[in-house]
Amino acid sequence: MIERTPLLNLATHLILGFGLIVILAPIWLAFVAATLTLQEVNAAPVELWPGTHLWANLKEAWVLSDFGPKFVNSLIVAVGVVVGKITLACITAFSLVFFAYRGRALIFWMIFITLMLPLEVRIVPTYAVAANALSPFQALLDVTGMGWLINAVSGVQVSLQWNLLNSYTGLILPLVATATGTFLYRQFFLTIPDELVEAARMDGAGPLRFLWDVLIPLSKTNIAALATIMFVYAWNQYLWPLLVITDRATYGMVVVQLSDLVPDQMTTGGGTPTWHLAMAATLMVMVPPIAIVILMQRWFVRGLINTDK
Amino acid sequence: MAEISIRQVGKTYGKTTIMQGVDLEIHDGEFVVILGPSGCGKSTLLRLIAGLEEITAGEIAIAGEVVNNLEPRERGCAMVFQNYALYPHMTVSDNIGYALKVAGVPKAERMARIEATARSVGLVEFLDRKPGQLSGGQRQRVAMARAIIREPKVFLFDEPLSNLDAKLRVQMRHEIRRIHNAVGATSVFVTHDQNEGMTLADRLVIMNKGTIEQIGTPEEIYEHPASLYVAGFVGSPAMNILPGTVASSGLSVLLGDGQAVDIRSSFKARPGQLVQIGLRPEKLSITTKAHGLLAAKFQFFEELGSARIYHLEIEDIPVGVVSDLKLALTAGEEVGLAFPPSALHVFDGPSGRSLARAEAAGESRGTDASTTGLSMHGRLL
């Protein structure tokens, strides 16, 4: 529908512009703060125009936070989570949509319900499992009396132990299970016409072959969308890495590291707050997620335009 | 040799029976068309042959081997789907060659075969395109090329032409028949379009509510429909049906308005039996009321160019007549209808089954100028 309503257009554009300012202002302030010296950043009133110390601040913040290895860690975890989530979501949805078996709907709804239980809600049990990934099995042995039985028969005390704390596995695995991704994939797979599945069967392609040759190429844009969302999600993880990683020097992630730069009583010890460094570090930490969004956005658009049926 | 034997095949979903007791022998190299309205089970039968659905009763054998428990790929069938079912992300070439790729045919051989197949259906210049860039007819060709390249024993077509426009449909029909003749595989073609059925088939199978109503050559089906259902389904415009009762003499049928239709002793009719008389519009001719075998009221006509369809009524029952004569008639005018005795079909009223002809089959069938016919001609215009 085409309407000519100049006044309404103007009003909508004003609202749009206002929203843009609301969103951009903090980022602008962060950028300005990152370009000032310690004295300038703490002077009142707040400086609104950039200074000259951006490069120096970036360098200082980088060294201070040991960002080199931390960026690598964050990247490993984020990529690990993205790959894990996509793989898991894809094969789970594949099984749910294309195979008929008992309890299919039940399984789907159970996965769906976990949407309501994000990591933060179940962080204590998740931590307990991460501390010993085999503890559920140990509990099973204990409850059923199997452990006692094995002990009585063979004299071996069964004590299962698999510690995930302070490891990439521990960082990645609990973040991988994903209801969102499974749901997204399921909805996409449901749009695949039955005839296509049957054509592949007639062509002699087995289920995995069909998944690999047909479904995955067709779901490229889905993968791009999911990857973007999940990369940003994983990159921004704070609480979980904070808990599970005590060996910060080896496994620290940038976002956790960044929080250390934010001046408070503990970090400055009552000294002048170093906001310029915190903001400089923030700018650097922001770069990868933004880069991914910009990069992947082209995929979305192509996926939306090129809808060949 | 790929004859298909379908023996007492049935299909049930849970407690719903879709199909039962289907028996059908398809000879090697034959083109069989399964014809029926939607929901009659024709597609299901095709999918049972293909192996896309599990058979719940009876057995299907292809080339003498029972295939009930074989995967589709092991049955040697290729299928062309209604919506083409091309892989949208693959080029035409990849689409055609996918089955070979799955089968592990080396690339060089594969490309050669793709090229040859594409040439046979006129697709060579489109090999690098995606299905989305092709027209409906071209997509249909890709779907057919994809089936041909596997050199299957059996071709299965699931209403492949129903998404094409009328002109293209006729063209693709010829194409399919040409390919069938060239390849020589057994073909089973499912459609609800009687024109496709009549023109393509060596033999037609008419299905109704999950059972086979009649099997025969298109000519047999047209000339000697086994039931009212078949008679109404095949032929365009549809056969005229007039309900009546067999007279006490057993030699004529009394229609609702008291007119008598002479059926002679051609049919095994019981006096008092409720019957339906069938007359094909193409076999009727309009004459004066005095000369006709039946009296009817003219309503209007449709001009087809080559012929006209005259719409008449016999006691409120619409009757169509196809004739290439340009008659000047006014609405409501009383006319007579004439027809050769061989054009007369009589069906049992309640069951709809065709009444058996009393005399030797060969004589009255096909030849219009039988002895009774001659005397009739004297009464024509």
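Here region A:114-143 is the region considered, the condition is being open to solvent by less than 90 Å² (accessible area, probe 1.4 Å), part of a helix (DSSP H, G or I) and without any contact (Cβ under 8 Å) to a residue 12 or more places away in the chain, and the residue that is farthest from A:GLN187 (Cα to Cα) is A:ALA139.
For B:GLU196, the conditions (1) closer than 21 Å to B:GLU30 by Cβ; (2) open to solvent by 30 Å² or more (accessible area, probe 1.4 Å) are fulfilled apart from (2).
Note on region B:213-222: residues that are out of contact with any helix residue (DSSP H, G or I) (no Cβ under 6 Å at 6 or more places or on another chain) and surrounded by 21 or more Cβ atoms within 10 Å (Cβ to Cβ) amount to 1.
Identify, by number, the condition in (1) assigned to a loop (DSSP other than H, G, I, E, B); (2) under 30 Å from the mean Cα position of the chain (by Cα); (3) more than 14 Å from chain A (Cβ to nearest Cβ) that B:ASP128 doesn't meet. If we test B:ASP128 against (1) assigned to a loop (DSSP other than H, G, I, E, B); (2) under 30 Å from the mean Cα position of the chain (by Cα); (3) more than 14 Å from chain A (Cβ to nearest Cβ), just (2) comes out false. Open to solvent by less than 90 Å² (accessible area, probe 1.4 Å), among the hydroxyl-bearing types (Ser, Thr, Tyr) and more than 17 Å from A:LEU277 (Cβ to Cβ): is that true of A:THR12 in this structure? The answer is yes for A:THR12. Which of the residues belonging to region B:191-209 are part of a helix (DSSP H, G or I), under 11 Å from B:VAL234 (Cβ atoms) and either in contact with a strand residue (DSSP E or B) (Cβ under 9 Å, 6 or more places away or on another chain) or not assigned by TED's automatic domain parsing to the domain that holds B:GLN20 (or both)? Across region B:191-209, the qualifying residues are B:GLN194, B:GLY197, B:MET198. Just to verify a result, which residue in region A:180-205, among those that are facing chain B (nearest Cβ under 7 Å) and among the acidic types (Asp, Glu), is surrounded by the most Cβ atoms within 10 Å (Cβ to Cβ)? Only one residue fits best here, namely A:ASP203. Comparison of A:LEU277, A:LEU190, A:LEU211, A:LEU184 shows that the only residue that is in contact with an Asp or Glu (Cβ under 7 Å, 6 or more places away or on another chain) and in contact (Cβ under 8 Å) with a residue 40 or more places away in the chain is A:LEU277. Just so you know, in region A:45-73 the residues that are part of a helix (DSSP H, G or I) and among the aliphatic types (A, V, I, L, M) include one that is farthest from A:PRO26 (Cα to Cα), and it is A:VAL72. Here are the criteria: (1) more than 11 Å from chain A (Cβ to nearest Cβ); (2) open to solvent by 10 Å² or more (accessible area, probe 1.4 Å); (3) outside any helix (DSSP H, G or I). Tell me which single one B:LEU52 does not satisfy. Only one criterion is unmet by B:LEU52, namely (1).
Here are some conditions: (1) touching a helix residue (DSSP H, G or I) at 6+ places or on another chain (Cβ under 8 Å); (2) hydrophobic (A, V, I, L, M, F, W, C); (3) over 30 Å from A:ILE245 (Cβ atoms). A:TRP109 meets all but one. Which one does it not meet? Status for A:TRP109: all satisfied but (1). Within region B:148-158, the set of residues being within 11 Å of another protein chain (Cβ to nearest Cβ) and in a loop (DSSP other than H, G, I, E, B) comprises B:ILE149, B:ARG150, B:PRO152. Tell me, please, whether a residue that is assigned by TED's automatic domain parsing to the domain that holds B:VAL33, modelled with pLDDT of 90 or more and surrounded by 21 or more Cβ atoms within 10 Å (Cβ to Cβ) can be found in region B:177-187. Checking region B:177-187: at least one residue is assigned by TED's automatic domain parsing to the domain that holds B:VAL33, modelled with pLDDT of 90 or more and surrounded by 21 or more Cβ atoms within 10 Å (Cβ to Cβ). The numbered conditions (1) over 27 Å from B:ALA63 (Cα atoms); (2) within 13 Å of another protein chain (Cβ to nearest Cβ); (3) assigned to a helix (DSSP H, G or I) are all true for B:GLU115 except (2). B:TYR84 satisfies every condition listed in (1) more than 9 Å from chain A (Cβ to nearest Cβ); (2) within 18 Å of B:ILE176 (Cα to Cα); (3) not in a strand (DSSP E or B) except (1). Out of all the residues in region B:278-292, is one or more part of a strand (DSSP E or B) and touching a Gly at 6+ places or on another chain (Cβ under 6 Å)? Yes, some residue in region B:278-292 is part of a strand (DSSP E or B) and touching a Gly at 6+ places or on another chain (Cβ under 6 Å).
Every condition in (1) in contact (Cβ under 8 Å) with a residue 40 or more places away in the chain; (2) in contact with a Ser or Thr (Cβ under 7 Å, 6 or more places away or on another chain) is met by B:GLY97 except one, and the failing one is (2). Return yes or no: is A:ARG102 within 18 Å of the chain's Cα centre (by Cα) and exposed (fewer than 15 other Cβ atoms within 10 Å of the Cβ)? For A:ARG102, the condition - within 18 Å of the chain's Cα centre (by Cα) and exposed (fewer than 15 other Cβ atoms within 10 Å of the Cβ) - is not met. Just so you know, in region B:68-80 the residues that are in a loop (DSSP other than H, G, I, E, B) and over 10 Å from B:ALA50 (Cβ atoms) include one that is nearest to the other protein chains (Cβ to nearest Cβ), and it is B:GLU71.
Contact list please: Cβ distance under 7 Å, first residue in region A:15-38 and closer than 27 Å to A:ALA56 by Cα, second residue assigned to a helix (DSSP H, G or I) and hydroxyl-bearing (Ser, Thr, Tyr), pairs at least six apart or on different chains. Cβ pairs passing all conditions: A:ALA30/A:THR282.
The values are calculated or read from the model by the stated rules, or taken from the named source; none is laboratory data. Remember, it's a predicted structure, so these values are computed and weren't measured experimentally. Note that we place each Cβ from the backbone using ideal geometry, even for glycine, and neighbour counts take in every protein chain shown. Keep in mind that these areas ignore ligands, DNA and RNA; they rest on the heavy atoms of the full protein, side chains included. Shrake-Rupley method; radii C 1.70, N 1.55, O 1.52, S 1.80 Å.
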